[in-house]
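The values are calculated or read from the model by the stated rules, or taken from the named source; none is laboratory data. Everything quoted here is computed from the prediction, not taken from an experiment. Counting neighbours? That spans all protein chains shown, and the Cβs are built from the backbone with ideal geometry, glycine included.
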Amino acid sequence: MKRLVAILLMLAGAAGLLAAAEQTVDVVYLKDGSVLRGTIVERQTYPVEGILLRTGDGLDIPIPMDKIKRITQETAGGEGMGELPGMGGALIDPYAFEVNLLGFLQFGPFARFHFRAGDGLTVAPHVRVGYAGLLPWVLFDNPDIGVGVSVLGFFPAAGNNRIYAGGFAEVSLNLEQNLIITGGGNAGYRFRFPGGRYWNVGGFAGIFYDTWYELTYFFAMVELAWGKEF
């Protein structure tokens, strides 16, 4: 009888441990590097969008979404269960600045400043210095300098990275003071790192029109840009 009771107690204890291990915990990774664990009890929309996290000791912590890098779930035993859909924080930070370094070997480096215009949408004016690029000298011996704007959409990718795609338009003046009108598409992959730093790996393609000679050219340019979100 005592042996039977002992076996039943062991089975009950094992079942309790198994149930505890199957319980899930929400894990919130903040952009400042902090990690919070608990249970998300509420998704808030007012006065700011965010979540209410209840910690293991019963403390309720409101967390704005723009402070969140990503949210995952894990079992009580510490086993990860993946990122929660739609709970990874803002797709993109409010501002970003980048420089396309590979432009020195192509149609000129450009500096671009992103303003977030919506969830995953940015408007980004830029300046491109064709005088500092190799191809305008080699192909035309007539470099230019231009200003323009891009509209890009950002989409979730592996981890905290992003896929982006959109279009751009630009006007420029070349060495002969001819007006050049350029338009096309831009797409690529943003590798995001701690502290807001990132690398864009992608490309540009489109057409540009020389208003003096009335000539149209097709072009393509590889993008390798270093930047920082903030």
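Table for the structure above
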read-out: Only listed residue being farther than 23 Å from residue 129 by Cβ, of a type outside the set (A, V, I, L, M, F, W, C) and part of a helix (DSSP H, G or I), chosen from 153, 195; value: 195
read-out: Test: residue in the range 60-73 that is modelled with pLDDT of 90 or more and acidic (Asp, Glu); value: no
read-out: Every pair of residues 6+ apart whose Cβ atoms lie under 7 Å, when the first sits in the range 206-217 and is farther than 12 Å from residue 144 by Cβ while the second is part of a strand (DSSP E or B) and among the small types (Gly, Ala, Ser); value: 206/183; 206/184; 206/185; 207/183; 207/184
read-out: Residue that is modelled with the lowest pLDDT, among those in the range 177-192 that are assigned to a strand (DSSP E or B) and more than 15 Å from residue 128 (Cβ to Cβ); value: 192
read-out: Residue count for the range 200-230, restricted to those that are more than 21 Å from residue 125 (Cβ to Cβ) and either surrounded by fewer than 14 Cβ atoms within 10 Å (Cβ to Cβ) or out of contact with any helix residue (DSSP H, G or I) (no Cβ under 6 Å at 6 or more places or on another chain) (or both); value: 11
read-out: Single residue of 43, 37 found to be at pLDDT 85 or above and either among the β-branched types (Val, Ile, Thr) or not assigned by TED's automatic domain parsing to the domain that holds residue 119 (or both); value: 37
read-out: Residues satisfying the stated conditions in the range 95-137, i.e. out of contact with any strand residue (DSSP E or B) (no Cβ under 7 Å at 6 or more places or on another chain) and among the aliphatic types (A, V, I, L, M); value: 105, 132, 134, 135
